[in-house]
Amino acid sequence: MSVVVISKNEPELSKALASLRPQCDAILAECVVVDASEGRLDVVRDAHRWVTWIPFVTPKGRRITIAHQRNFGVRASDGRIIAFCDASGVPQSDWLRLLVSPLLDGRCAASTGPIRPLGRGAYGVLNDYPDGSWTTNVIAANFAFTKDAFESVSGFDERYDYGSDAVMGWRLEGVGIRVLSVRDAVMLMDWGDGSRERRRAWVQGRAWGRQLRLFKGRRIRIFRSAPYTILDWTVLLGVIPSAAIAWTFGAPWVLVVWAAALVVLVSCTRPKGGRVRAVTYHLIHGVAACVELATFHSRQEAPAVERDAPESPHSLDWRARRGSNPQPSDPQ
């Protein structure tokens, strides 16, 4: 088995690795970190020599390489079962064993567990489904699968900057693979402060818009997954024409309608970290989705599910390199 963690600028990765080590040792799993920090996280690497640390060079023309790193990490690992942990995640005791157990005994080819927040924020508990139930919702911060399942859909779709994990779940469904919920396999996640939360709202909104553009067969279900986005658009896109109509025709009731939509938006928002904070998240998400829908131009390439994903242009035979240049032994 292998645990894959991707990173770029997350010093909190050290905490995740400290939590992973006893769990990996307990079931003889390797831990692979695919690091795109270009040396900025060398202090974390040096503190965790037990980890297989793979430097990742960003392909030319790319700025965000989440899906690329995920694919590279899976293909560079030795395990036939792969578990993903986020660099900001804190796996709870026995998380790894619980998550991979149903894959080991053949009950499923993919599994997931709940993600619980550390502190307040716009998120509540994510992926908290009844134990043993099936889902197609995937968040890579708490996700395991067989390498055969991964190869059946040619890995994560690299056309997505963000959201390739959600799309992975949908594509697995398309080849008849569902994801089993393991409710005791708990991952804690520090979602960060308000500034980080707003940045996440932006990138997730862009991801939502791209999914809507590229995954045509699932558009209705995508809308259902974030129904507040339609209301966000009503509020955001309606304010300027409403104000213009009210001013030009002396019809203030138009602004009243817009204000009523805003009130509905606020009242329907579940205030996990405060209502203002949650509404702000939703509005940023809505704006980002609009921007993505207005500006995205699909690259002239087939989805990863329809093509063989090529090797990363900067990669080499990592297993050969790892065998000839092993990690320094841990002084402990």
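The values are calculated or read from the model by the stated rules, or taken from the named source; none is laboratory data. The structure presented is a predicted model; accordingly, all values stated were derived computationally and were not measured. Here the Cβ positions follow ideal geometry from the backbone for every residue, glycine too, while neighbour counts run over all protein chains shown.
Quick notes
- Tally, over the stretch 20-55, of residues that are in a loop (DSSP other than H, G, I, E, B) and without any contact (Cβ under 8 Å) to a residue 40 or more places away in the chain: 8
- Yes/no for Pro22 being in contact with a Gly (Cβ under 9 Å, 6 or more places away or on another chain) and surrounded by fewer than 19 Cβ atoms within 10 Å (Cβ to Cβ): no
- Single match in Asp148, Asp157 (criterion: buried (at least 20 other Cβ atoms within 10 Å of the Cβ) and either charged (D, E, K, R) or over 23 Å from Arg213 (Cα atoms) (or both)): Asp157
- Of all residues in the stretch 170-196, those that are in a helix (DSSP H, G or I) and either among the hydrophobic types (A, V, I, L, M, F, W, C) or buried (at least 21 other Cβ atoms within 10 Å of the Cβ) (or both) total 3.
- Residues of the stretch 59-78 classified as touching a helix residue (DSSP H, G or I) at 6+ places or on another chain (Cβ under 7 Å) and among the small types (Gly, Ala, Ser), total: 2
- In the stretch 210-225, the residue that is surrounded by the fewest Cβ atoms within 10 Å (Cβ to Cβ) out of those that are under 16 Å from the mean Cα position of the chain (by Cα) and at pLDDT below 85 is Ser225.
- Here Glu151 qualifies as without any contact (Cβ under 8 Å) to a residue 24 or more places away in the chain and within 30 Å of Asp78 (Cα to Cα).
- Which numbered condition Thr58 misses (of (1) in a helix (DSSP H, G or I); (2) surrounded by fewer than 21 Cβ atoms within 10 Å (Cβ to Cβ)): (1)
- Qualifying residue in the stretch 137-150 (condition: more than 21 Å from Arg218 (Cα to Cα) and assigned to a loop (DSSP other than H, G, I, E, B)): yes
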